[in-house]
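These notes concern the structure reproduced below.
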Amino acid sequence: MAKFKHHVFVCVNEREAGDPRGCCAARGGHDVAKAFKLKLYERGLKRIVRPNKAGCLDQCAAGVCCVVYPEGVWYGRVTVDDVDEIIEQHILGGRPVERLVIPPEALTGIDPDAEAAPDEFSI
Ligand code: FES
């Protein structure tokens, strides 16, 4: 089994035209995913960093949305022009690109570490 240092999930979800939520595919998600793949491979990171196309990451208002693991850093409004910076500064340099980070309070979902997590969230 491959053991990657990072995974980069890029939302490429597509919705019907006119859907009020919009979608990352319409905002360029496929181009962003392709750019990550090409640029990571160009840098010799093919077996070290895994770019993955993802379905809806539930951050639609901030699309194109990406998340980098294992750090769990969420990026919003990512364009092809941002990909080099994310790779250089975050993935290789260890410093998230703050101008693109979706603040934790703006993320949807439930933080399992939060004291107020509802009872229905249990693993
Ligand atoms: S459509 Fe991309 S996060 Fe929902």
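The values are calculated or read from the model by the stated rules, or taken from the named source; none is laboratory data. Since we're looking at a predicted model, the values are computed, not measured. Because the Cβ atoms are built from the backbone with ideal geometry, glycine has one as well, and the counts that use them run over all protein chains shown.
General remarks:
- Pair list, Cβ < 9 Å and 6+ apart or interchain, from region 18-39 residues that are under 9 Å from VAL80 (Cβ atoms) to residues that are within 11 Å of the ligand (Cβ to nearest atom) and in a loop (DSSP other than H, G, I, E, B): GLY28/GLY63; GLY28/VAL64; GLY28/VAL78; ASP31/VAL64; VAL32/VAL12; VAL32/CYS24; VAL32/VAL64; VAL32/VAL78
- From VAL80, VAL67, VAL8, residue being closer than 22 Å to PRO103 by Cβ, in contact (Cβ under 8 Å) with a residue 24 or more places away in the chain and more than 11 Å from the ligand (Cβ to nearest atom): VAL8
- Residue in region 34-52 that is exposed (fewer than 15 other Cβ atoms within 10 Å of the Cβ), at pLDDT below 95 and near the ligand (Cβ under 9 Å from one of its atoms) present: no
- Search result, residues across region 14-40 that are within 12 Å of CYS66 (Cβ to Cβ) and part of a helix (DSSP H, G or I): GLY29, VAL32, ALA33, ALA35, PHE36
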